[in-house]
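Student: Would you mind keeping the following structure in view while I ask a few things?
The values are calculated or read from the model by the stated rules, or taken from the named source; none is laboratory data. In this text, all values refer to a predicted model and were calculated from it rather than measured experimentally. All Cβ positions, even for glycine, are placed from backbone atoms using ideal geometry, and neighbour counts span all protein chains on display. Note: accessible area is taken over every heavy atom of the protein model, side chains too, but ligands, DNA and RNA are not part of it. Shrake-Rupley method; radii C 1.70, N 1.55, O 1.52, S 1.80 Å.
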Amino acid sequence: MELHILLIFMIFAAIVAIEAKDLLSSVIAVGAVGFALCLAFLILKAPDLAITQLVVEVLCLIILIRATINRDLPLVIEGRWIFNTISTLVFIAVFLFFSWLALKELPSFGQPLMTVVKKYLAEGTTKTGAVNIVTAVILDFRAYDTLGEATVLFTAVIGIMAVLRRPGRKKIER
Amino acid sequence: MSLYLLCLVLFCIGLYGVLRKRNLVKIIIGLGIIEYSLNLFFVLLGYKFHGRAPIDAQDQIILNMVDPLPQALVLTSIVIGLGITALVISIAIRIYEKYGTFDITKIKRLRG
Amino acid sequence: MIDNPKTGMTLIVKTVTRLTVGLILLFGIYIILHGHLSPGGGFAGGVIVALSFVHLMLAFGKDVAVAKISRNLATNLESIGAMMFLLVAVMGFLGGSFFLNILAKGKPFDLFSSGAIILSNISIGIKVGVGLFAIFLALVILEKTKKE
(Lines give C-alpha, C1' and ligand atoms only; values in the text may rest on other atoms or scores of the structure.)
Protein backbone atom coordinates (compact mmCIF):
# COMPACT_ATOMS: atom_id res chain seq x y z
CA MET A 1 0.00 0.00 0.00
CA GLU A 2 2.75 2.45 0.88
CA LEU A 3 4.33 1.70 -2.50
CA HIS A 4 1.14 2.84 -4.22
CA ILE A 5 1.17 6.10 -2.26
CA LEU A 6 4.84 6.68 -3.08
CA LEU A 7 4.29 5.97 -6.77
CA ILE A 8 1.30 8.33 -6.96
CA PHE A 9 3.42 11.00 -5.24
CA MET A 10 6.17 10.38 -7.80
CA ILE A 11 3.69 10.75 -10.66
CA PHE A 12 2.40 14.07 -9.31
CA ALA A 13 5.94 15.37 -8.77
CA ALA A 14 6.87 14.31 -12.31
CA ILE A 15 3.87 16.18 -13.73
CA VAL A 16 4.93 19.28 -11.78
CA ALA A 17 8.49 18.88 -13.04
CA ILE A 18 7.40 18.66 -16.65
CA GLU A 19 4.78 21.40 -16.54
CA ALA A 20 6.32 24.03 -14.23
CA LYS A 21 7.00 27.41 -15.82
CA ASP A 22 10.15 28.07 -13.80
CA LEU A 23 13.25 25.97 -14.46
CA LEU A 24 14.42 26.01 -10.85
CA SER A 25 11.10 24.71 -9.49
CA SER A 26 11.01 21.94 -12.07
CA VAL A 27 14.54 20.89 -11.06
CA ILE A 28 13.43 20.77 -7.43
CA ALA A 29 10.41 18.66 -8.39
CA VAL A 30 12.77 16.19 -10.07
CA GLY A 31 14.61 16.05 -6.77
CA ALA A 32 11.34 15.10 -5.07
CA VAL A 33 10.87 12.27 -7.58
CA GLY A 34 14.38 11.00 -6.92
CA PHE A 35 14.06 11.01 -3.14
CA ALA A 36 10.70 9.24 -3.34
CA LEU A 37 12.41 6.64 -5.52
CA CYS A 38 15.04 6.25 -2.79
CA LEU A 39 12.28 5.54 -0.24
CA ALA A 40 10.68 3.05 -2.65
CA PHE A 41 13.98 1.17 -2.95
CA LEU A 42 14.17 1.04 0.82
CA ILE A 43 10.67 -0.47 1.01
CA LEU A 44 11.53 -2.96 -1.74
CA LYS A 45 14.41 -4.29 0.39
CA ALA A 46 17.26 -2.84 -1.66
CA PRO A 47 19.42 -0.83 0.77
CA ASP A 48 22.39 -0.69 -1.62
CA LEU A 49 20.26 1.01 -4.22
CA ALA A 50 18.73 3.36 -1.65
CA ILE A 51 22.14 4.66 -0.54
CA THR A 52 23.39 5.03 -4.11
CA GLN A 53 20.20 6.72 -5.30
CA LEU A 54 20.30 9.18 -2.39
CA VAL A 55 23.85 10.39 -2.97
CA VAL A 56 23.55 10.34 -6.76
CA GLU A 57 20.36 12.41 -6.51
CA VAL A 58 22.11 15.03 -4.36
CA LEU A 59 24.99 15.35 -6.82
CA CYS A 60 22.61 15.39 -9.80
CA LEU A 61 20.58 18.20 -8.19
CA ILE A 62 23.74 20.23 -7.53
CA ILE A 63 24.82 19.87 -11.16
CA LEU A 64 21.35 20.72 -12.51
CA ILE A 65 20.94 23.77 -10.28
CA ARG A 66 24.45 24.92 -11.16
CA ALA A 67 23.54 24.68 -14.82
CA THR A 68 20.19 26.46 -14.65
CA ILE A 69 20.60 29.02 -11.87
CA ASN A 70 21.39 32.11 -13.93
CA ARG A 71 19.72 31.20 -17.18
CA ASP A 72 16.24 32.51 -17.58
CA LEU A 73 13.50 30.68 -19.43
CA PRO A 74 12.14 32.85 -22.20
CA LEU A 75 8.42 32.49 -22.74
CA VAL A 76 8.10 29.97 -25.53
CA ILE A 77 5.38 30.61 -28.06
CA GLU A 78 4.06 27.19 -28.89
CA GLY A 79 3.95 26.67 -32.63
CA ARG A 80 2.37 23.64 -34.32
CA TRP A 81 0.59 22.83 -31.09
CA ILE A 82 -1.89 20.32 -32.50
CA PHE A 83 0.62 18.39 -34.61
CA ASN A 84 3.10 18.01 -31.73
CA THR A 85 0.47 16.87 -29.27
CA ILE A 86 -1.07 14.35 -31.65
CA SER A 87 2.28 12.81 -32.58
CA THR A 88 3.25 12.58 -28.90
CA LEU A 89 -0.05 10.87 -28.07
CA VAL A 90 0.46 8.41 -30.94
CA PHE A 91 3.91 7.52 -29.61
CA ILE A 92 2.53 7.01 -26.10
CA ALA A 93 -0.31 4.85 -27.44
CA VAL A 94 2.13 2.64 -29.37
CA PHE A 95 4.28 2.28 -26.28
CA LEU A 96 1.29 1.39 -24.11
CA PHE A 97 0.08 -1.21 -26.64
CA PHE A 98 3.40 -3.06 -26.69
CA SER A 99 3.83 -2.82 -22.94
CA TRP A 100 0.31 -4.25 -22.51
CA LEU A 101 1.35 -7.18 -24.69
CA ALA A 102 4.46 -7.65 -22.56
CA LEU A 103 2.74 -7.27 -19.20
CA LYS A 104 0.71 -10.43 -19.69
CA GLU A 105 3.89 -12.52 -19.84
CA LEU A 106 5.50 -11.06 -16.73
CA PRO A 107 5.45 -12.85 -13.38
CA SER A 108 3.02 -11.27 -10.96
CA PHE A 109 4.28 -8.87 -8.31
CA GLY A 110 5.88 -10.54 -5.32
CA GLN A 111 6.61 -13.90 -6.95
CA PRO A 112 9.78 -13.56 -9.04
CA LEU A 113 11.09 -16.41 -11.16
CA MET A 114 14.54 -16.59 -9.47
CA THR A 115 16.00 -19.13 -11.89
CA VAL A 116 19.56 -17.83 -12.15
CA VAL A 117 19.71 -16.35 -8.72
CA LYS A 118 19.16 -19.55 -6.75
CA LYS A 119 22.74 -20.55 -7.40
CA TYR A 120 24.07 -17.11 -6.43
CA LEU A 121 22.10 -17.09 -3.20
CA ALA A 122 23.17 -20.61 -2.26
CA GLU A 123 26.86 -20.32 -3.09
CA GLY A 124 27.49 -16.59 -2.92
CA THR A 125 29.04 -16.31 0.50
CA THR A 126 31.06 -19.52 0.38
CA LYS A 127 32.41 -18.95 -3.13
CA THR A 128 33.33 -15.29 -2.95
CA GLY A 129 33.63 -14.60 0.76
CA ALA A 130 31.44 -11.50 0.46
CA VAL A 131 28.47 -11.33 2.79
CA ASN A 132 26.61 -8.77 0.72
CA ILE A 133 25.22 -10.79 -2.20
CA VAL A 134 24.71 -7.72 -4.40
CA THR A 135 28.42 -6.88 -4.13
CA ALA A 136 29.26 -10.50 -4.83
CA VAL A 137 27.15 -10.39 -8.00
CA ILE A 138 28.46 -7.09 -9.38
CA LEU A 139 32.14 -7.64 -8.57
CA ASP A 140 32.56 -11.39 -8.90
CA PHE A 141 29.88 -13.27 -10.79
CA ARG A 142 29.08 -10.49 -13.23
CA ALA A 143 32.17 -8.31 -13.12
CA TYR A 144 32.12 -7.79 -16.88
CA ASP A 145 29.10 -5.51 -16.41
CA THR A 146 31.00 -3.42 -13.91
CA LEU A 147 33.97 -3.17 -16.26
CA GLY A 148 31.66 -1.90 -18.99
CA GLU A 149 30.08 0.54 -16.57
CA ALA A 150 33.52 1.88 -15.58
CA THR A 151 34.30 2.34 -19.27
CA VAL A 152 31.05 4.26 -19.83
CA LEU A 153 31.75 6.56 -16.88
CA PHE A 154 35.31 7.15 -18.06
CA THR A 155 34.04 8.04 -21.53
CA ALA A 156 31.47 10.41 -20.03
CA VAL A 157 34.17 12.22 -18.02
CA ILE A 158 36.40 12.50 -21.10
CA GLY A 159 33.45 13.85 -23.09
CA ILE A 160 32.62 16.47 -20.46
CA MET A 161 36.27 17.54 -20.30
CA ALA A 162 36.29 17.92 -24.08
CA VAL A 163 33.00 19.80 -24.26
CA LEU A 164 33.73 22.17 -21.37
CA ARG A 165 37.37 22.92 -22.16
CA ARG A 166 38.60 26.48 -22.18
CA PRO A 167 38.89 28.21 -25.57
CA GLY A 168 41.98 27.12 -27.44
CA ARG A 169 45.23 28.98 -27.78
CA LYS A 170 44.66 30.06 -31.37
CA LYS A 171 42.29 32.85 -30.42
CA ILE A 172 44.64 34.32 -27.83
CA GLU A 173 47.59 34.48 -30.24
CA ARG A 174 45.61 36.51 -32.70
CA MET B 1 -0.07 -5.60 -11.39
CA SER B 2 -1.30 -2.12 -10.47
CA LEU B 3 2.24 -1.17 -9.45
CA TYR B 4 3.51 -2.07 -12.91
CA LEU B 5 0.80 0.12 -14.44
CA LEU B 6 1.71 3.09 -12.23
CA CYS B 7 5.33 2.60 -13.28
CA LEU B 8 4.24 2.70 -16.94
CA VAL B 9 2.35 5.94 -16.26
CA LEU B 10 5.55 7.45 -14.87
CA PHE B 11 7.38 6.33 -18.02
CA CYS B 12 4.69 7.93 -20.19
CA ILE B 13 5.06 11.26 -18.37
CA GLY B 14 8.78 11.20 -19.09
CA LEU B 15 8.12 10.30 -22.72
CA TYR B 16 5.65 13.18 -23.00
CA GLY B 17 8.29 15.56 -21.61
CA VAL B 18 10.90 14.39 -24.07
CA LEU B 19 8.67 14.54 -27.13
CA ARG B 20 6.48 17.54 -26.42
CA LYS B 21 8.60 20.11 -24.58
CA ARG B 22 10.83 22.52 -26.43
CA ASN B 23 13.15 23.54 -23.61
CA LEU B 24 16.42 21.60 -23.47
CA VAL B 25 16.44 21.37 -19.67
CA LYS B 26 12.87 20.03 -19.71
CA ILE B 27 13.97 17.34 -22.17
CA ILE B 28 16.86 16.36 -19.88
CA ILE B 29 14.41 16.19 -16.96
CA GLY B 30 12.16 13.93 -19.01
CA LEU B 31 15.08 11.62 -19.70
CA GLY B 32 15.78 11.51 -15.96
CA ILE B 33 12.17 10.57 -15.19
CA ILE B 34 12.27 7.76 -17.78
CA GLU B 35 15.45 6.46 -16.16
CA TYR B 36 13.85 6.53 -12.68
CA SER B 37 10.81 4.60 -13.84
CA LEU B 38 12.92 1.94 -15.54
CA ASN B 39 15.08 1.45 -12.45
CA LEU B 40 11.98 1.12 -10.29
CA PHE B 41 10.43 -1.37 -12.73
CA PHE B 42 13.49 -3.63 -12.60
CA VAL B 43 13.52 -3.63 -8.82
CA LEU B 44 9.76 -4.27 -8.68
CA LEU B 45 10.27 -7.38 -10.80
CA GLY B 46 12.69 -8.81 -8.26
CA TYR B 47 10.64 -8.22 -5.12
CA LYS B 48 9.44 -11.19 -3.13
CA PHE B 49 6.70 -11.08 -0.52
CA HIS B 50 8.09 -11.04 3.04
CA GLY B 51 11.60 -11.19 1.64
CA ARG B 52 14.73 -9.95 3.37
CA ALA B 53 17.49 -7.78 1.92
CA PRO B 54 20.14 -9.94 0.21
CA ILE B 55 22.75 -9.66 2.96
CA ASP B 56 23.72 -12.62 5.12
CA ALA B 57 23.54 -12.20 8.88
CA GLN B 58 26.04 -13.46 11.36
CA ASP B 59 24.14 -15.99 13.46
CA GLN B 60 21.08 -16.93 11.46
CA ILE B 61 20.24 -18.56 8.17
CA ILE B 62 18.01 -16.41 5.99
CA LEU B 63 15.94 -18.43 3.57
CA ASN B 64 13.60 -15.86 2.03
CA MET B 65 15.69 -13.27 0.17
CA VAL B 66 14.63 -10.89 -2.59
CA ASP B 67 16.21 -11.23 -6.03
CA PRO B 68 19.69 -9.61 -6.00
CA LEU B 69 20.26 -9.73 -9.76
CA PRO B 70 18.01 -6.78 -10.80
CA GLN B 71 19.46 -4.80 -7.91
CA ALA B 72 22.99 -5.40 -9.19
CA LEU B 73 22.02 -4.33 -12.71
CA VAL B 74 20.22 -1.21 -11.47
CA LEU B 75 23.18 -0.24 -9.26
CA THR B 76 25.38 0.20 -12.34
CA SER B 77 22.52 1.86 -14.22
CA ILE B 78 22.09 4.60 -11.61
CA VAL B 79 25.72 5.73 -11.85
CA ILE B 80 25.63 5.58 -15.65
CA GLY B 81 22.52 7.78 -15.50
CA LEU B 82 24.43 10.38 -13.50
CA GLY B 83 27.22 10.37 -16.10
CA ILE B 84 24.72 10.76 -18.94
CA THR B 85 22.91 13.61 -17.19
CA ALA B 86 26.17 15.47 -16.57
CA LEU B 87 27.27 15.03 -20.19
CA VAL B 88 23.95 16.22 -21.63
CA ILE B 89 23.86 19.18 -19.23
CA SER B 90 27.35 20.27 -20.28
CA ILE B 91 26.35 20.09 -23.95
CA ALA B 92 23.22 22.14 -23.13
CA ILE B 93 25.36 24.77 -21.39
CA ARG B 94 27.57 25.06 -24.47
CA ILE B 95 24.49 25.45 -26.67
CA TYR B 96 23.17 28.19 -24.36
CA GLU B 97 26.50 30.02 -24.61
CA LYS B 98 26.45 29.89 -28.37
CA TYR B 99 22.80 30.68 -29.09
CA GLY B 100 21.60 32.40 -25.91
CA THR B 101 18.54 30.18 -25.55
CA PHE B 102 17.41 26.73 -24.46
CA ASP B 103 14.63 26.63 -27.06
CA ILE B 104 15.32 23.83 -29.53
CA THR B 105 13.37 25.37 -32.39
CA LYS B 106 15.57 28.47 -32.38
CA ILE B 107 18.75 26.42 -32.68
CA LYS B 108 18.65 26.01 -36.40
CA ARG B 109 21.47 28.00 -37.88
CA LEU B 110 24.98 26.63 -37.90
CA ARG B 111 27.18 29.27 -36.43
CA GLY B 112 30.99 29.11 -36.38
CA MET C 1 42.98 31.78 2.03
CA ILE C 2 40.39 29.89 4.04
CA ASP C 3 39.25 32.90 6.06
CA ASN C 4 39.02 35.20 3.11
CA PRO C 5 35.53 36.74 3.50
CA LYS C 6 35.30 37.69 -0.16
CA THR C 7 35.16 34.17 -1.57
CA GLY C 8 32.62 31.52 -0.71
CA MET C 9 29.62 31.70 1.58
CA THR C 10 29.05 33.27 5.01
CA LEU C 11 30.93 32.58 8.23
CA ILE C 12 28.27 30.19 9.58
CA VAL C 13 28.47 27.95 6.52
CA LYS C 14 32.26 27.99 6.65
CA THR C 15 32.41 27.00 10.32
CA VAL C 16 29.92 24.17 9.92
CA THR C 17 31.73 22.97 6.81
CA ARG C 18 35.04 22.91 8.66
CA LEU C 19 33.47 20.66 11.29
CA THR C 20 31.60 18.29 8.97
CA VAL C 21 33.65 17.85 5.83
CA GLY C 22 36.17 15.51 7.43
CA LEU C 23 33.38 13.34 8.80
CA ILE C 24 31.75 13.11 5.38
CA LEU C 25 35.05 12.04 3.79
CA LEU C 26 35.58 9.46 6.54
CA PHE C 27 32.05 8.11 6.04
CA GLY C 28 32.70 7.71 2.32
CA ILE C 29 35.89 5.77 2.98
CA TYR C 30 34.03 3.61 5.50
CA ILE C 31 31.30 2.82 2.96
CA ILE C 32 33.91 1.90 0.34
CA LEU C 33 35.88 -0.40 2.66
CA HIS C 34 32.80 -2.15 4.07
CA GLY C 35 31.18 -2.71 0.69
CA HIS C 36 31.25 -6.49 0.98
CA LEU C 37 29.83 -6.56 4.51
CA SER C 38 27.08 -3.94 4.56
CA PRO C 39 25.03 -1.96 2.03
CA GLY C 40 27.10 0.42 -0.02
CA GLY C 41 30.20 -0.29 -2.00
CA GLY C 42 32.43 1.45 -4.48
CA PHE C 43 29.76 3.43 -6.30
CA ALA C 44 27.97 4.92 -3.30
CA GLY C 45 31.19 5.55 -1.35
CA GLY C 46 32.85 7.16 -4.33
CA VAL C 47 29.94 9.55 -4.78
CA ILE C 48 30.08 10.45 -1.06
CA VAL C 49 33.83 11.19 -1.35
CA ALA C 50 33.12 13.40 -4.36
CA LEU C 51 30.33 15.13 -2.42
CA SER C 52 32.72 16.01 0.42
CA PHE C 53 34.99 17.86 -2.02
CA VAL C 54 31.99 19.49 -3.70
CA HIS C 55 30.87 20.62 -0.23
CA LEU C 56 34.29 22.18 0.35
CA MET C 57 34.16 23.91 -3.00
CA LEU C 58 30.67 25.32 -2.50
CA ALA C 59 31.47 26.67 0.95
CA PHE C 60 34.96 28.09 0.51
CA GLY C 61 35.11 28.83 -3.19
CA LYS C 62 37.02 27.15 -5.96
CA ASP C 63 40.59 27.83 -4.88
CA VAL C 64 40.53 25.94 -1.58
CA ALA C 65 39.23 22.75 -3.18
CA VAL C 66 41.66 23.02 -6.08
CA ALA C 67 44.51 23.38 -3.58
CA LYS C 68 43.53 19.96 -2.19
CA ILE C 69 43.07 18.23 -5.56
CA SER C 70 44.06 20.02 -8.75
CA ARG C 71 42.45 19.20 -12.06
CA ASN C 72 45.49 17.33 -13.40
CA LEU C 73 45.73 15.27 -10.22
CA ALA C 74 42.03 14.47 -10.50
CA THR C 75 42.27 13.20 -14.07
CA ASN C 76 45.43 11.25 -13.26
CA LEU C 77 43.81 9.64 -10.22
CA GLU C 78 40.80 8.66 -12.29
CA SER C 79 43.02 6.94 -14.83
CA ILE C 80 44.85 5.20 -12.00
CA GLY C 81 41.54 3.92 -10.61
CA ALA C 82 40.49 2.56 -14.00
CA MET C 83 43.87 0.90 -14.49
CA MET C 84 43.70 -0.62 -11.00
CA PHE C 85 40.33 -2.16 -11.77
CA LEU C 86 41.67 -3.58 -15.03
CA LEU C 87 44.71 -4.90 -13.18
CA VAL C 88 42.47 -6.71 -10.70
CA ALA C 89 40.63 -8.18 -13.67
CA VAL C 90 43.79 -9.29 -15.46
CA MET C 91 45.17 -10.72 -12.22
CA GLY C 92 42.58 -13.47 -12.61
CA PHE C 93 44.63 -14.88 -15.50
CA LEU C 94 47.14 -16.16 -12.94
CA GLY C 95 44.48 -18.61 -11.88
CA GLY C 96 43.12 -19.31 -15.32
CA SER C 97 40.46 -16.84 -16.43
CA PHE C 98 39.46 -13.20 -16.55
CA PHE C 99 38.05 -11.78 -13.29
CA LEU C 100 38.84 -14.92 -11.32
CA ASN C 101 39.03 -14.28 -7.60
CA ILE C 102 42.38 -15.90 -6.81
CA LEU C 103 43.28 -14.17 -3.56
CA ALA C 104 42.60 -15.80 -0.19
CA LYS C 105 38.93 -15.58 0.73
CA GLY C 106 39.44 -15.32 4.46
CA LYS C 107 36.71 -15.77 7.01
CA PRO C 108 33.29 -14.28 6.20
CA PHE C 109 32.26 -11.20 8.27
CA ASP C 110 35.90 -10.06 8.54
CA LEU C 111 37.01 -6.75 7.09
CA PHE C 112 39.81 -8.30 5.04
CA SER C 113 37.87 -11.14 3.55
CA SER C 114 36.56 -11.90 0.07
CA GLY C 115 39.87 -11.59 -1.81
CA ALA C 116 39.83 -9.33 -4.84
CA ILE C 117 36.40 -7.80 -4.17
CA ILE C 118 37.79 -5.30 -1.66
CA LEU C 119 40.50 -4.25 -4.15
CA SER C 120 37.85 -3.77 -6.85
CA ASN C 121 35.75 -1.73 -4.44
CA ILE C 122 38.68 0.56 -3.62
CA SER C 123 39.58 1.10 -7.28
CA ILE C 124 35.97 1.80 -8.27
CA GLY C 125 35.63 4.18 -5.34
CA ILE C 126 38.71 6.16 -6.42
CA LYS C 127 37.52 6.21 -10.01
CA VAL C 128 33.93 7.29 -9.38
CA GLY C 129 34.78 9.84 -6.69
CA VAL C 130 37.55 11.61 -8.53
CA GLY C 131 35.73 11.42 -11.86
CA LEU C 132 32.60 13.10 -10.53
CA PHE C 133 34.73 15.73 -8.77
CA ALA C 134 36.46 16.44 -12.08
CA ILE C 135 33.07 16.87 -13.78
CA PHE C 136 31.96 19.41 -11.18
CA LEU C 137 35.32 21.20 -11.34
CA ALA C 138 35.00 21.56 -15.11
CA LEU C 139 31.49 23.06 -14.69
CA VAL C 140 32.68 25.56 -12.04
CA ILE C 141 35.76 26.62 -14.00
CA LEU C 142 33.56 27.27 -17.03
CA GLU C 143 31.30 29.59 -15.03
CA LYS C 144 34.29 31.48 -13.61
CA THR C 145 35.95 32.09 -16.97
CA LYS C 146 32.68 33.27 -18.48
CA LYS C 147 32.20 35.87 -15.75
CA GLU C 148 35.66 37.32 -16.33
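Student: Counting only protein heavy atoms and rolling a 1.4 Å probe, how much accessible area do A and B lose on contact, total for both sides, in Å² to 100?
Tutor: 7500 Å²
Student: Tell me, what % of the accessible area of the protein assembly as shown is carbon and sulfur with a 1.4 angstrom probe?
Tutor: After summing per-atom areas, the C and S share lands at 70 percent.
Student: Show log10 I(q)/I(0) for the protein assembly as shown at q = 0.08, 0.11 Å⁻¹, two decimals, from a solvent-free Debye sum over equal Cα scatterers.
Tutor: At q = 0.08, 0.11 Å⁻¹ the computed log10 ratios are -0.49, -0.92.
Student: Next question. Buried by at least 10 Å² relative to the chain on its own: which residues of region C:47-69 qualify, computing accessible area with a 1.4 Å probe on protein heavy atoms?
Tutor: Buried on complex formation: C:V47, C:I48, C:L51, C:V54, C:L58.
Student: Treating only the Cβ of Lys, Arg, Asp and Glu as charged (+1, +1, -1, -1), what charge dipole size does the protein assembly as shown show about its Cα centre? Round to the nearest 20 debye.
Tutor: So the dipole magnitude of the protein assembly as shown works out to roughly 1780 debye.
Student: On to the next question. Using a 1.4 angstrom probe, figure out how much accessible area chain B has per residue, in square angstrom, rounded to the nearest whole.
Tutor: Value for chain B: 43 Å² per residue.
Student: Continuing with the same structure: Per residue, how much accessible area does chain A show when a 1.4 Å probe rolls over the protein heavy atoms, in square angstrom?
Tutor: 54 Å²
Student: If you don't mind, there's one more thing I want to ask. Calculate, axis by axis, the spread of Cα positions in region C:11-147 along the three principal axes, and write the results as whole Å, longest axis first.
Tutor: So the extents along the principal axes, rounded to whole Å, are 56, 29, 19.
Student: Given the pairs C:K105/C:K127; C:K14/C:K144; B:K106/C:K62; B:K21/C:K127; B:K26/C:K62; B:K21/B:K48, which span a C-alpha to C-alpha distance of over 31 angstrom in this model?
Tutor: Pairs exceeding 31 Å: B:K106/C:K62; B:K21/C:K127; B:K21/B:K48.
Student: Rounded to the nearest 100 Å², what is the sum over both chains of accessible area buried where C meets A, with a probe of 1.4 Å?
Tutor: 3900 Å²
Student: Suppose a student asked you for the relative contact order of region C:1-75, using Cα pairs under 8 Å spaced at least 6 residues apart; what percent would you report?
Tutor: Rounded, it is 34 percent for region C:1-75.
Student: Turning to a different aspect of this structure: Between the helical axis of A:117-128 and the dominant principal axis of chain A, each derived from Cα atoms, what acute angle in degrees is found, rounded to the nearest 10?
Tutor: 80 degrees
Student: Going by average Cβ neighbours within 10 Å, how do the peptides A:100-112, C:16-28 rank, with the highest at the top?
Tutor: C:16-28, A:100-112
Student: Where does each of C:128-135, A:157-164 land if you order them by average Cβ count within 10 Å, highest first?
Tutor: Going by the mean number of other Cβ atoms within 10 Å, highest first, we get C:128-135, A:157-164.
Student: Further question: About the Cα centre of chain C, how large is the charge dipole given +1 on each Lys and Arg Cβ and -1 on each Asp and Glu Cβ? Please answer in debye to the nearest 20.
Tutor: Here the size comes out at about 220 debye.
Student: Something else about it: Can you tell me the relative contact order of region C:12-148? Whole percent, Cα pairs under 8 Å, sequence separation 6 or more.
Tutor: 30 percent
Student: Mind checking the mean number of beta-carbon atoms from other chains within 10 Å of the Cβ atoms in C:16-27?
Tutor: If you average over the peptide's residues, the count of other-chain Cβ atoms is 0.
Student: In Å, what Rg and Dmax follow from the Cα atoms of region A:1-74?
Tutor: Both quantities, over Cα of region A:1-74: 13.4, 44 Å.
Student: Using only the alpha-carbon atoms, how far is helix B:24-45 inclined from the longest principal axis of chain B? Give it as 0 to 90 degrees, nearest 10.
Tutor: In chain B, helix B:24-45 runs at an angle near 10 degrees to the longest axis.
Student: Turning to a different aspect of this structure: Between Rg and the Kirkwood Rh of chain A, both from Cα atoms, what is the Rg to Rh ratio?
Tutor: My calculation of the ratio gives 1.05.
Student: While we're on this one: Could you please state, rounded to a whole Å, how far the C-alpha centre of region C:3-74 is from the C-alpha centre of region B:1-74?
Tutor: One Cα centre to the other: 29 Å.
Student: Picking from A:I63, A:S26, A:F98, whose Cα lies most toward the positive end of the charge dipole for chain A (charges on Cβ: Lys, Arg +1; Asp, Glu -1)?
Tutor: My answer, from the dipole projection, is A:I63.
Student: Also, I was wondering about something else. So for region C:88-148, averaging the separation of alpha carbon pairs under 8 Å that are six or more residues apart and normalising by length, what relative contact order in percent results?
Tutor: Reported as a whole number, the value is 18 percent.
Student: Still on this structure, I have one more. What number do you get for chain B when its Cα radius of gyration is normalised by 2.2 N^0.38 Å, N = residues?
Tutor: Normalised by 2.2 N^0.38 Å, the Cα Rg of chain B equals 1.49.
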